[in-house]
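Comments concern the structure below.
The values are calculated or read from the model by the stated rules, or taken from the named source; none is laboratory data. Since the model is a prediction, treat every value here as computed from it, not as a measurement. Heads up, the Cβs are rebuilt from the backbone with ideal geometry, glycines too, and the neighbour counts pull from every protein chain shown. Accessible surface areas use protein heavy atoms only, side chains included; no ligands, DNA or RNA. Shrake-Rupley method; radii C 1.70, N 1.55, O 1.52, S 1.80 Å.
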Amino acid sequence: MKESELRPAYYAARPGRWGDWWTILHAPYTAWHLSYVVIGAALAPTLDATRLLATLGAFFLAVGVSAHALDELHGRPLGTSIPRAGLALAAGLGLLGAVALGVVGVAEVGAGLVPFILVGAFLVLAYDLELLGGRVHTDVGFAAAWGAFPVLTAYYAQAERLDLAAALAAVGAFALSYAQRSLSTPARLLRRRALQAEAAVTLRDGTVLTLGAQDLLRPLERALRALCWSTLAVAAALAVSRLP
């Protein structure tokens with residue numbers, strides 16, 4: 001495949017109505033960040049399956065649907081043909097649905113959940129619309145919003161408090177998401193913006209290796225896939241060990 005013909009993401013589907021919607025869901029990455037919800041919930045002293053499902057639903061709507069629709073609306077990084085009205089509707093309904101689930105959860109969990117709802121809505125809008133001069137739309141902002149925050153929210157939804165276990169898990173999720181961002185940023189550059197990419201590596205014996213876009217992408221995306229699947233596996237193991 002020519003460098004100019006690279007798909008915008010390794011998981012991108014063929015262009016078309018349903019393919020475009022699948023692509024903007026960023027399915028592997030959405031599942032990855034939902035894993036943090038499972039990890040946070042499973043680390044709590046007690047695990048309620050209904051609360052876990054509600055938290056997963058809220059984060060799927062907020063991140064998987066709303067945030068990704070806003071991201072595509074803001075600059076078309078995936079190059080889909082979804083109408084702007086469709087993206088705006090998905091973003092609005094996704095965020096409203098997430099907030100509604102949170103509001104319903106307040107009756108069960110308590111008023112302490114309200115700050116998490118407000119912060120979550122703010123992060124979706126501030127990150128994807130690059131509000132506040134883009135101060136949230138950074139590697140650190142990404143890791144905090146989509147790594148640490150889901151862990152803390154899910155833990156609180158179960159335990160109705162935060163403690164050292166939640167904080168340590170949030171640090172771990174922050175670091176994993178920071179690594180994700182560090183790998184995905186150059187991968188996106190190669191896939192979405194580069195017309196041509198070539199690097200030459202001269203070995204000590206004088207051999208010169210020439211690397212193209214695919215060669216440069218391969219280790220980045222292998223690492224991303226490995227991190228994604230390993231995080232999913234850890235989340236699944238914790239869920240299986242805690243749920244009856």
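Values computed for the structure shown
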{"read-out": "Top of F174, F59, F122 by mean-square fluctuation, Gaussian network on the chain, Cα under 10 Å", "value": "F122"}
{"read-out": "Contour minus Cα-Cα distance for A107 and A175 (0.36 nm per residue)", "value": "21.2 nm"}
{"read-out": "Tilt relative to the chain, helix 149-159 - C-alpha long axis, 0 to 90 degrees, to 10", "value": "20 degrees"}
{"read-out": "Modelled FRET efficiency - R0 45 Å, R7 with D205, Cβ distances, 0.05 increments", "value": "0.80"}
{"read-out": "Pair D215, A27: separation of 7 Å Cα→Cβ label points (nm)", "value": "3.2 nm"}
{"read-out": "Carbon plus sulfur fraction of accessible area for the chain, probe 1.4 Å, in percent", "value": "67 percent"}
{"read-out": "Using alpha-carbon coordinates, inclination of helix 27-42 to the longest axis of the chain, degrees", "value": "30 degrees"}
{"read-out": "Cα-based Rg / Dmax (Å) for the range 181-244", "value": "17.8, 61"}
{"read-out": "The range 67-218, accessible area per residue, ligands and nucleic acids excluded (1.4 Å, Å²)", "value": "51 Å²"}
{"read-out": "Peptide ranges 222-231, 35-44 listed from the most packed, as the mean C-beta count within 10 angstrom indicates", "value": "35-44, 222-231"}
{"read-out": "Radius ratio Rg over Rh of the range 36-110, counting only Cα atoms, Kirkwood formula for Rh", "value": "1.10"}
{"read-out": "Rounded to 10°, Cα long-axis angle of helix 114-128 versus longest principal axis of the chain", "value": "20 degrees"}
{"read-out": "Pairs of Cα atoms farther than 20 Å apart, the range 134-238, %", "value": "55 percent"}
{"read-out": "Helix-only CD estimate at 222 nm, as mean residue ellipticity for the chain, using -39500 (n - 2.57) per DSSP H run (n ≥ 4)", "value": "-20500 deg cm²/dmol"}
{"read-out": "A165 paired with A197, simple spin-label distance in nm, labels 7 Å along Cα-to-beta-carbon", "value": "4.1 nm"}
{"read-out": "Local net charge near A170, Cβ-Cβ under 15 Å (Lys/Arg +1, Asp/Glu -1)", "value": "0"}
{"read-out": "Spin-label pair R76/T138, simplified geometry with 7 Å Cα→Cβ offset, distance in nm", "value": "3.1 nm"}
